[in-house]
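K.L.:
Before I ask anything, let me first share the structure, which is written out below as structure tokens.
The values are calculated or read from the model by the stated rules, or taken from the named source; none is laboratory data. Being a predicted model, the structure only gives us computed values, none of them experimental. Glycine gets a Cβ as well: all are built from the backbone with ideal geometry, and neighbour counts include every protein chain shown. Accessible surface areas use protein heavy atoms only, side chains included; no ligands, DNA or RNA. Shrake-Rupley method; radii C 1.70, N 1.55, O 1.52, S 1.80 Å.
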Amino acid sequence: MPVRAVLDTQVVLRGLLGARSSACTILYEALAQNVFVGVTSPHILEELRTVLEGLTSRGRYALTPARSTELLDAYQRIAQPVDGLLILRDLNLLPPIPVEDEPIVAAAIEADAEYVVTDDGGLLDVKAVAISGHRTIQIIAPGPFAKRVLGIEVSGRYRRRRPLERRSGTVSRAAGSLSGTPMRLLFAGTNLAG
């Protein structure tokens, strides 16, 4: 089974809008190429929609309303949704999660994901979440997730350094380069180049 991870809203946003060599952009491209399964929830999608609308209204990143919609649609096509109905306050989480990050961790629990990928310092301080009856969820930054978990080098021109190792014992992906594929080709006809 492929690695499953929840990318928090800022990681997704930076992946959509960031520089080609950023860890978030590399992760987004890896997600589009099915290197791992990205999980989303109604909360993450609504937060992403709100941030994109704010950037559009301020004229940042040359975003138009139509382009913002295209970016959100592109993410929805490649991410696996969960219902977003789990309430963490009903669970005995160790360690406790910052309230504003509960929907992100709840999506990971619902999806049985192994990782939450975030740049949020408060959530990164948690490091891992253990819940009775569920797998431990690792909290990790985008760069280390790309390098340690997916085997993608993120400094300079990136490349896959080693095959993905399946923890379930199934066949690993063949090693190959992620570079050289224009980002605009990764999104089924969506032109992200502007």
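K.L.:
Checking Thr64 against (1) without any contact (Cβ under 8 Å) to a residue 24 or more places away in the chain; (2) closer than 17 Å to Ile131 by Cβ; (3) not small (Gly, Ala, Ser): exactly one of these is not met. Which one?
P.N.:
Here Thr64 meets the rest and fails (2).
K.L.:
Mind checking which residues of segment 11-59 are part of a loop (DSSP other than H, G, I, E, B), open to solvent by less than 10 Å² (accessible area, probe 1.4 Å) and of a type outside the set (Gly, Ala, Ser)?
P.N.:
Correct list: Val35, Phe36.
K.L.:
Ok, one more. Given the conditions (1) open to solvent by 60 Å² or more (accessible area, probe 1.4 Å); (2) out of contact with any Lys or Arg (no Cβ under 8 Å at 6 or more places or on another chain); (3) touching a residue at least 60 places away in the same chain (Cβ under 8 Å); (4) not in a helix (DSSP H, G or I), which single one is not true for Leu85?
P.N.:
(3)
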